[in-house]
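Colleague: This is the structure, below, for whatever I ask next.
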Amino acid sequence: MAKILVVDDDEVTIGLLCLYLTNDQHDVTAAKNGRDALDCLRSNSFDILITDIIMPEMDGYELIMHLLLQPNAPKIIAISAGAPSLDAAQVLEITRALKVKEVLIKPVAHDVLQKSVNKLLQTA
């Protein structure tokens, strides 16, 4: 079981991801944007952060860049459905440049999410 923080501005996506992860016996916390995620990270430690990229107030890029400076940052899975001027693959390719190991395109299937989470939990 892992402590996982899920960050997304879409309530349906958060609900689905949290359902998948709790069914897999993980301890899950949700945040609606990067700013809320940072508040959660200040008071809790997490094994994995799953973050959308395109969000209001503080997007996933800003959140990831902030975490790159932290010594005990959680492992990161980035997810995206794209943006008006970029498709999801382009958004996630930019994310790979930030040293994020797992990138997924929305909608994320349960088995794909489960595989990514398990992969990160097995890495040191």
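Colleague: For region 27-57, what are the residues that are part of a loop (DSSP other than H, G, I, E, B), of a type outside the set (D, E, K, R) and open to solvent by 10 Å² or more (accessible area, probe 1.4 Å)? Before the answer, list the steps.
Modeller: We begin by selecting, within region 27-57, every residue part of a loop (DSSP other than H, G, I, E, B); these are 32-33, 44-47, 53-57.
If we keep only those that are of a type outside the set (D, E, K, R) too, we end up with 33, 44-46, 53-56.
Asn44, Ser45, Phe46, Ile54, Met55, Pro56 - these are the residues of region 27-57 that are part of a loop (DSSP other than H, G, I, E, B), of a type outside the set (D, E, K, R) and open to solvent by 10 Å² or more (accessible area, probe 1.4 Å).
Colleague: Here is a follow-up. Considering only residues that are among the charged types (D, E, K, R) and in a loop (DSSP other than H, G, I, E, B), look in region 1-26 and name the one that is farthest from His110 (Cα to Cα). Spell out the reasoning first.
Modeller: Just the residues of region 1-26 that are among the charged types (D, E, K, R), to begin with: 3, 8-11, 24.
Now narrow it down to the ones that are in a loop (DSSP other than H, G, I, E, B): 8-10, 24.
Details: Asp8: 16, Asp9: 19, Asp10: 17, Asp24: 10 Å.
Only one residue tops the list, namely Asp9.
Listed here are the residues, each with its yes/no results for (1) touching a residue at least 40 places away in the same chain (Cβ under 8 Å); (2) over 12 Å from the mean Cα position of the chain (by Cα).
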{"residue": "Lys3", "(1), (2)": "yes, yes"}
{"residue": "Thr13", "(1), (2)": "yes, no"}
{"residue": "Thr22", "(1), (2)": "no, yes"}
{"residue": "Val28", "(1), (2)": "no, no"}
{"residue": "Asp39", "(1), (2)": "no, yes"}
{"residue": "Arg42", "(1), (2)": "no, yes"}
{"residue": "Asp59", "(1), (2)": "no, no"}
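Colleague: Find the residue count for region 3-26, including only residues that are open to solvent by 10 Å² or more (accessible area, probe 1.4 Å), out of contact with any Leu (no Cβ under 7 Å at 6 or more places or on another chain) and farther than 20 Å from Leu63 by Cα. Let's see the steps before the verdict.
Modeller: Let us first name the residues in region 3-26 that are open to solvent by 10 Å² or more (accessible area, probe 1.4 Å), namely 3, 9-16, 18-20, 22-26.
Subset that is out of contact with any Leu (no Cβ under 7 Å at 6 or more places or on another chain): 3, 9-16, 18-19, 22-26.
Retained after the next criterion (residues that are farther than 20 Å from Leu63 by Cα): 12, 15-16, 19, 22-26.
Here the count works out to 9.
Colleague: Consider Gln114 carefully, then state whether it is among the polar types (S, T, N, Q), surrounded by fewer than 19 Cβ atoms within 10 Å (Cβ to Cβ), in a helix (DSSP H, G or I) and modelled with pLDDT under 85.
Modeller: Details: among the polar types (S, T, N, Q): yes; surrounded by fewer than 19 Cβ atoms within 10 Å (Cβ to Cβ): yes; in a helix (DSSP H, G or I): yes; modelled with pLDDT under 85: no.
Answer is no for this residue.
Colleague: Still on this model: Could you check how many residues of region 58-101 are modelled with pLDDT of 90 or more and part of a loop (DSSP other than H, G, I, E, B)?
Modeller: Qualifying residue count for the region: 4.
The values are calculated or read from the model by the stated rules, or taken from the named source; none is laboratory data. Remember, it's a predicted structure, so these values are computed and weren't measured experimentally. Glycine gets a Cβ as well: all are built from the backbone with ideal geometry, and neighbour counts include every protein chain shown. Calculation scope for accessible area: heavy atoms of the full protein, side chains included, ligands and nucleic acids excluded. Shrake-Rupley method; radii C 1.70, N 1.55, O 1.52, S 1.80 Å.
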